[in-house]
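Notes follow once the structure below has been shown.
The values are calculated or read from the model by the stated rules, or taken from the named source; none is laboratory data. If you're wondering where the values come from, they're calculated on a predicted model, not measured in any experiment. As a convention, Cβ positions derive from the backbone with ideal geometry for all residues, glycine included, and neighbour counts pool all protein chains shown. Areas reflect the complete protein model, heavy atoms only, side chains present, ligands, DNA and RNA absent. Shrake-Rupley method; radii C 1.70, N 1.55, O 1.52, S 1.80 Å.
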Amino acid sequence: MYHCEACGREYGPDGPWRCACGHALDYARRPLPDADSPPDPTTLDRDRGLWSFEPFLPVERRVSLGEGWTPLIDDAAFDAQLKLDSVFPTGSFKDRGATVTLSQADALGVERVVEDSSGNAGLAIATYAARAGIDAEIYVPADAKPTKLRKIERTGADVVRIKGTRGDVTDACHDALDGDAWYASHAWQPAFFAGTMTWALEVAAQRGWDVPDAVVVPVGHGTLLLGAYRGFRALRAAGWTERVPRLLGAQASGYAPIAAGRPASDGGADDANEVADGIQIHRPARGDQLLDALAATGGTAVAVDAAATERAHDRLARAGYQVEPTCATAVAGLERFRAAGTIAAEEDVVVVLSGQNY
């Protein structure tokens, strides 16, 4: 069952991809182990990848490429732990959401999925759809990076190029949805967020069930930030950990409504960061939920310009991390948070590194 937290409507598993009121849907009861008798964390079978956390997930494993348990590296040069989701099958954390989303689609008997994405999410959905034997149609900006588009096309997915802004791509995708298509959206699909919350579960497990003081992630639609929030909350509810860390987001300047404290913006900034193409989102589908997550954890977000992104990208490459520029906004954000005193010198921080498709 799905539930709309804005108006209270509920829908079955074959219901619409968003509420009649326009708000995003979530599971009526988010998958959580029973707090009275939670599973024993020492019984985790890491050979099952992120599906070792199946008690926290809404569906059983049906479509998988062995994703999960990415390295957590202590790096003194950055004075942080770096979670290397760039080593996933398709090179980004979006595989977390894709494996759960396509497992749900397969369980429902879906024959065709549709997604709109500038790159990583589209590649993840197309790849896991191919793994499941489900047709995929991916809407992308006409000027998206050719290397990303070729990877999507090689999965056998139909790639639909749309001229205009990233918002125009989403609008075209929505207009094309029909009764035969299942919207496997990384921004709207509740199953995708159930998958991304495993990032938090792995971080806690790799740290011996001690959560960091803060985590820093890039934010476009906020699929990782919101997933991490839900994951850390689920761990606390299950009694596996005692607290939820402060969530800190890094957005691209000119595409930074959350940093401005708004759920959406019209853009138009003179200093728009065109380097971080993976998070150029003016209107996050779940902007209100992102703001709530930051407020609930005492977190915040900053806008990072192109120059800072490029400096951080170069710094990561010199340190041996092969990631795309969008990911570097998190490291640039980390520097900003430290300079502003948002992160104190003695605080324990985890930063995600994700994305190799550039």
| field | Residue in the stretch 203-221 that is farthest from I134 (Cα to Cα), counting only those that are surrounded by fewer than 23 Cβ atoms within 10 Å (Cβ to Cβ) and in contact (Cβ under 8 Å) with a residue 60 or more places away in the chain | value | D213
| What pairs can you find where one residue is in the stretch 256-275 and of a type in the set (D, E, K, R), the other is open to solvent by less than 40 Å² (accessible area, probe 1.4 Å), and their Cβ atoms are less than 7 Å apart, with a gap of 6+ or different chains? | D271/S253; D271/G254; E274/A306
| request: Look at the stretch 1-42 and say how many of its residues are at pLDDT 85 or above, farther than 19 Å from L102 by Cβ and of a type in the set (S, T, Y). | output: 1
| Exclusive hit being closer than 23 Å to R96 by Cα and surrounded by fewer than 20 Cβ atoms within 10 Å (Cβ to Cβ), set Q356, Q280 | Q356
| message | Checking the conditions here, which among G119, G195, G97 is under 29 Å from P212 (Cβ atoms), modelled with pLDDT under 95 and crowded, with 24+ Cβ neighbours inside 10 Å? | response | G119
| task | Scan (1) modelled with pLDDT of 95 or more; (2) open to solvent by 30 Å² or more (accessible area, probe 1.4 Å) for the single condition A136 breaks and write down its number. | result | (2)
| Mind checking which pairs have a first residue in the stretch 337-352 that is farther than 21 Å from K83 by Cβ and a second that is small (G, A, S), Cβ under 6 Å, 6 or more apart or different chains? | none
| task | Could you list all residues from the stretch 85-105 that are over 13 Å from A200 (Cα atoms) and not in a helix (DSSP H, G or I)? | result | F88, P89, T90, G91, S92
| request: Considering (1) within 12 Å of P218 (Cβ to Cβ); (2) in a strand (DSSP E or B), say which one V350 fails and leave the rest. | output: (1)
| query | Does at least one position in the stretch 43-54 carry a residue that is within 23 Å of L225 (Cα to Cα), at pLDDT 95 or above, open to solvent by less than 50 Å² (accessible area, probe 1.4 Å) and assigned to a loop (DSSP other than H, G, I, E, B)? | reply | no
| the stretch 149-182 - residue that is of a type in the set (S, T, Y) and open to solvent by less than 50 Å² (accessible area, probe 1.4 Å) and, of those, farthest from the chain's Cα centre (by Cα) | T155
| task | Keeping to the stretch 203-248, report how many residues are more than 17 Å from the chain's Cα centre (by Cα) and aromatic (F, W, Y). | result | 2
| Residues R29, R9, R46, R62: which one is under 21 Å from P212 (Cβ atoms), touching a residue at least 12 places away in the same chain (Cβ under 8 Å), of a type in the set (K, R) and out of contact with any Leu (no Cβ under 6 Å at 6 or more places or on another chain)? | R46
